[in-house]
Amino acid sequence: MTSHTDDIDDTERDRALTSPGERYGERFRTNISAEALQARVIEAETRALARTFEELSRSGDVPRAAALILGARRRYISGRGKAAAYAELLGADLGATLSNVFLVDGRALTPLTVLTDVRSSDVLVAFTMRRYREETVRFGELFHQAGGQLVLITDSEDAPLTDLATALIHVHTHSASYADSPTSVAAACHLLSTITTASAKGARRRLTVRDEIAADLRLYHPDKETSA
């Protein structure tokens, strides 16, 4: 069984390997079978997820973030690089049950457009993982300066923007791979969207209407059982 001290040591060693190239060289130095590597990855993912859930259960950070999102007039979600995938995931789940959910992807909606009209009732959910994209950090700083509330989902309590966040969701991303683990980040997105939706007024109605419209648009491949 792995001790808490071992977890801390692993985290410190992991944080010292700042780039995927460094992690690849450290973790794949010797020949290893696919089976052995699979076992290492599964163990690391299981530990990271367990640590994340344990800490979030104690901290109350997710319900706090959910309350901010529910109370907001407009909900913006942003992340760059790999974090853009996490932002899109959370945006898809929240957008199904809440109004005024906007993905700031730098294309359809840019930080420049958002920052021209920030209100104190607006919330930005920002994903920032090492090596911490400068675009996200600067956007978060300016959004906060403009009076908006910041929910930060990040892999370190010392990451940029943590001192500005109204709510901070810390996830563990230690991995046996060259890439930092997405498992706990995706799980935190799922947890946050679930708690937010459970308290959202009109969520059931919106989901029902979406199902009806999706059927009218024929968005999904027909189920053989229901179409028979």
Practice problem: Give the residues of segment 173-198 that are more than 22 Å from ASP122 (Cα to Cα) and either part of a helix (DSSP H, G or I) or out of contact with any Asp or Glu (no Cβ under 8 Å at 6 or more places or on another chain) (or both), sorted by residue number. | Solution: SER177, TYR178, ALA179, PRO182, THR183, SER184, VAL185, ALA186, ALA187
Self-check item: All positions within segment 66-91 that are within 12 Å of the chain's Cα centre (by Cα) and assigned to a helix (DSSP H, G or I)
Solution: ALA83, ALA84, ALA85, TYR86, ALA87, GLU88, LEU89, LEU90, GLY91
Quiz item: When you look at VAL101, is it within 30 Å of SER57 (Cβ to Cβ), open to solvent by 20 Å² or more (accessible area, probe 1.4 Å), touching a Gly at 6+ places or on another chain (Cβ under 9 Å) and of a type in the set (Val, Ile, Thr), yes or no?
Solution: yes
Exercise. Determine if segment 97-106 includes at least one residue that is more than 27 Å from ARG205 (Cα to Cα) and either assigned to a loop (DSSP other than H, G, I, E, B) or in contact with a His (Cβ under 6 Å, 6 or more places away or on another chain) (or both).
Key: yes
Practice problem: Please work out if HIS190 is crowded, with 20+ Cβ neighbours inside 10 Å and out of contact with any strand residue (DSSP E or B) (no Cβ under 6 Å at 6 or more places or on another chain). | Solution: no
Exercise. Please state which one of THR128, THR116 is of a type in the set (Val, Ile, Thr), without any contact (Cβ under 8 Å) to a residue 24 or more places away in the chain and farther than 15 Å from THR196 by Cβ.
Key: THR116
Quiz item: How about segment 153-172: which of its residues are within 14 Å of GLU55 (Cβ to Cβ) and assigned to a loop (DSSP other than H, G, I, E, B)?
Solution: ASP155, SER156, GLU157, VAL171, HIS172
Quiz item: Can you tell which of LEU150, LEU142 is under 15 Å from the mean Cα position of the chain (by Cα), within 16 Å of ILE77 (Cα to Cα) and either outside any helix (DSSP H, G or I) or of a type outside the set (S, T, N, Q) (or both)?
Solution: LEU150
Quiz item: Do you know which residues across segment 169-185 are open to solvent by 40 Å² or more (accessible area, probe 1.4 Å) and under 13 Å from the mean Cα position of the chain (by Cα)?
Solution: PRO182, THR183
Quiz prompt | Evaluation of SER78 against (1) crowded, with 22+ Cβ neighbours inside 10 Å; (2) under 23 Å from GLY202 (Cα atoms) (one fails), failing number | solution = (2)
Quiz item: Got at least one residue in segment 107-121 being in a strand (DSSP E or B) and open to solvent by less than 60 Å² (accessible area, probe 1.4 Å)?
Solution: no
Quiz item: Among the residues of segment 43-54, which ones are within 16 Å of ALA186 (Cα to Cα) and not basic (Lys, Arg)?
Solution: ALA44, GLU45, THR46, ALA48, LEU49, ALA50, THR52, PHE53, GLU54
Quiz item: Quick check, is ASP211 at pLDDT 90 or above, under 18 Å from the mean Cα position of the chain (by Cα) and among the acidic types (Asp, Glu)?
Solution: no
Quiz item: Scanning segment 200-221 for residues that are assigned to a helix (DSSP H, G or I) and open to solvent by less than 80 Å² (accessible area, probe 1.4 Å), which turns out farthest from LEU68 (Cα to Cα)?
Solution: ALA215
Quiz item: Tell me, which residue of segment 26-65 that is touching a strand residue (DSSP E or B) at 6+ places or on another chain (Cβ under 9 Å) and among the aliphatic types (A, V, I, L, M) is surrounded by the most Cβ atoms within 10 Å (Cβ to Cβ)?
Solution: ALA65
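The values are calculated or read from the model by the stated rules, or taken from the named source; none is laboratory data. Here the structure is a predicted model, which is why all the values come from computation and not from measurement. Glycine gets a Cβ as well: all are built from the backbone with ideal geometry, and neighbour counts include every protein chain shown. Surface areas here come from the heavy atoms of the whole protein model, side chains and all, with no ligands, DNA or RNA. Shrake-Rupley method; radii C 1.70, N 1.55, O 1.52, S 1.80 Å.
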